[in-house]
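Notes follow the structure.
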Amino acid sequence: MDTATNPVKTKPVDAALRALKILKVFDHRRPELTLSEIAAQTGMVKSTTLRMLLSLIEEGFVTVNASKRYMLGPEVYRLGCCYADSFDLEQRIRPRMKALVRDSDECVSFFQRLGDQRMCLFRENSQQVLREHVAEGDTVVLDKGAAGRVLMDFERTNALESGSEAVRARLPYISHGERNSEIGGLAAPVFSNQKGLIGALAISGPVARLTPERIDALRPLIYATAAELSMLLGSRFYA
């Protein structure tokens, strides 16, 4: 059995827990701490605390000043920004995904690239009994499916400038049984002004239901939603 997918059988790593315990002692009241203070707050001996701190410094999670006082490092700030951006993104995207589910009567997903895969960041299911089963956090192959091709083709697009008519005319991308012989879909890119491509919005459903006529009806729905989200995030790609 793969313990990576079975949290009941998997035990946490003690060293990682100790390192995280150190990070959690910092707050707005205690932005700087000495080695002795950190050891006292965590209940670890100084030698162990120092080894943990050196590892955290190497990875940018902690810094140390000339007075030998330790502070949170830039990597903590970067992760905090990522979390805040993700939360803000969800608040903007999810209501429009729900509206798209109502209008299309199919499942809607929002994918982001994760190395050579794509991850379902947000998912809204339809009431259809027969549908594709993908959960938030699931990863699938990148090079198959409409959303995967969108993520590959548009990752270098400069969203600060308007997309050309020829490029926009190719949207949305259509998939028929690429990743799964029984599943099809449509996908379009979503851009932000600051980060460029932030993900692919996708409608998916059984190929038996996604007839040419049905796809023609869904095309303007997903295009309009991706365009609305992009403009909401400051992009001029669809302008």
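Over the chain, what lengths in whole Å, largest first, do the semi-axes of the equivalent ellipsoid take, defined as the square roots of 5 times the eigenvalues of the alpha-carbon gyration tensor?
44, 22, 14
If you put +1 on each Lys and Arg Cβ and -1 on each Asp and Glu Cβ, how big is the dipole of the chain around its Cα centre, in Debye rounded to 20?
700 debye
Among Met52, Leu17, His28, which residue has its Cα furthest toward the positive end of the charge dipole of region 12-72, with +1 on Lys/Arg Cβ and -1 on Asp/Glu Cβ?
Going by the Cα projections, it comes out as His28.
What are the residues whose amide H is under 5 Å from the amide H of Phe122, where those residues sit 5 or more places off or on another chain and H is modelled from the backbone?
So Phe122 has HN proximity to Phe110.
Taking amide H positions as placed 1.01 Å from N in the peptide plane, with prolines and chain starts having none, which residues 5 or more places from Gly199, or on another chain, fall under 5 Å of its amide H?
Val190
Could you give the size of the charge dipole of region 8-104 about its Cα centre, using +1 on the Cβ of each K and R and -1 on the Cβ of each D and E, expressed in debye and rounded to the nearest 20?
Magnitude of the dipole: close to 320 debye.
Residue by residue through region 202-210, which ³J(HN,Hα) values in whole Hz follow from phi under the Karplus form 6.51 cos²θ - 1.76 cosθ + 1.60 (θ = phi - 60°), with glycine and proline marked x?
Karplus values, whole Hz, x for Gly and Pro: 9, 10, 9, x, x, 4, 5, 8, 8.
What ranking do 45-56, 225-236 get when scored by the average of other Cβ atoms within 10 Å per residue, highest first?
225-236, 45-56
Would you kindly derive the ³J(HN,Hα) couplings of region 179-188 from the backbone phi angles with the Karplus curve 6.51 cos²θ - 1.76 cosθ + 1.60 (θ = phi - 60°), listing them in order in whole Hz, with x for Gly and Pro?
Once rounded to whole Hz, the list reads 8, 9, 4, 9, 10, x, x, 10, 8, 9.
Cα centroid distance between region 19-40 and region 76-125, in Å?
Region 19-40 and region 76-125 have Cα centres separated by 34 Å.
For Lys46, list the lysines whose Cα falls under 28 Å from its own Cα; do not include residues on the same chain fewer than 8 positions away.
Those lysines meeting the cut-off are Lys11, Lys21, Lys24, Lys68.
For region 12-72, what are the per-bin percents of Cα-Cα distances with bins 10 Å wide, up to the bin holding the maximum?
Using 10 Å bins, I get a P(r) of 23, 63, 13, 0 for region 12-72.
Could you grab the relative contact order for region 80-239? Cα pairs under 8 Å, six or more apart, rounded to a whole percent.
Here the relative contact order equals 23 percent.
Mind giving me the FRET efficiency for Cys81 and Leu17? R0 is 22 Å, r the Cβ-Cβ distance, nearest 0.05 is fine.
0.35
Read-outs throughout are calculated quantities, based only on the coordinates presented, and are distinct from any laboratory measurement. Keep in mind that what you see is a predicted model, and the values were worked out from it rather than measured. As a convention, Cβ positions derive from the backbone with ideal geometry for all residues, glycine included, and neighbour counts pool all protein chains shown.
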